[in-house]
1. Could you sort 101, 8, 132 by their accessible area in this structure, using a 1.4 Å probe and putting the largest first?
2. Starting from the Cα-Cα distance between residue 23 and residue 7, subtract it from 0.36 nm times their residue separation and give me the gain in nm to one decimal.
3. Taking the simple approach of a point 7 Å from Cα along Cα-to-Cβ for both residue 175 and residue 63, what is their distance in nm?
4. Across region 48-62, in residue order, what do the Karplus-derived ³J(HN,Hα) couplings come to in whole Hz, using 6.51 cos²θ - 1.76 cosθ + 1.60 with θ = phi - 60° and x for Gly and Pro?
5. Search the structure for amide H atoms under 5 Å from the amide H of residue 63, placed 1.01 Å from N in the peptide plane, and list their residues when 5 or more places away or on another chain.
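The values are calculated or read from the model by the stated rules, or taken from the named source; none is laboratory data. Quick caveat: nothing in here was measured; it's all calculated off a predicted structure. For neighbour counting, all protein chains shown are included, and Cβ atoms are generated from backbone atoms with ideal geometry for every residue, glycine included. The area values use the complete protein model at the heavy-atom level, side chains included, leaving out ligands, DNA and RNA. Shrake-Rupley method; radii C 1.70, N 1.55, O 1.52, S 1.80 Å.
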Amino acid sequence: MSPANQAFHSVVAVDDHPIVLESIQALLAGAPHLQLVATAADGAQGLQLIRSARPKLAIVDINLPSLDGLELVRRVRAQRQDIGLVVTSAQTTGNEARLAFLAGANAYVPKSEATSVLTAALLLAARGYLSFPLSAMGASEGAGLATLTQREMRVNQLLAEGHRNTEIARRLGISPKTVSTFKHRISKKVGLPA
């Protein structure tokens, strides 16, 4: 294995429950390639920590005081494409995974899952892959989301925020026609009408 493959991925964890943060700390202490560098108990503090520590990965609870977890993810993603964002939640209504995806997360892990699922999601996110549970999103939609590239995910996020093709093109340094092509690909992959 090359030295680059043996590097640790820095992680910031944001959750308002001390027991969850302590569990994440214990989990990552024994996980090769993952190193917890900071924790925060609310969204505003988490956003500040992510900006200052510049971790490779962040674990973000969906329901946080002072700044919602999904809004935290949106703000981080708007500034950084190189970070893996893994959203967690104790809620199981089935809509959380979709909301996390639309906010710009790389992965969603329900807190009812085994710790190995969180570890796997972190390692996938570190490589730029998406990881969302099919059961939470519907098989066809979930399968389509898993095939989106980072660029398609970013275009989709900007569309979900209400930006027009011309604004997306300007922000991403591409043509409006390319944005239209991305919209068509995204719709096709997730099974929505074009």
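1. 8, 132, 101
2. Full extension of this stretch gives 3.5 nm more.
3. 4.8
4. Computed from phi, the couplings for region 48-62 are 4, 5, 5, 5, 7, 7, 6, x, 6, 9, 9, 9, 10, 5, 6 Hz.
5. It is 69, by chain and number.
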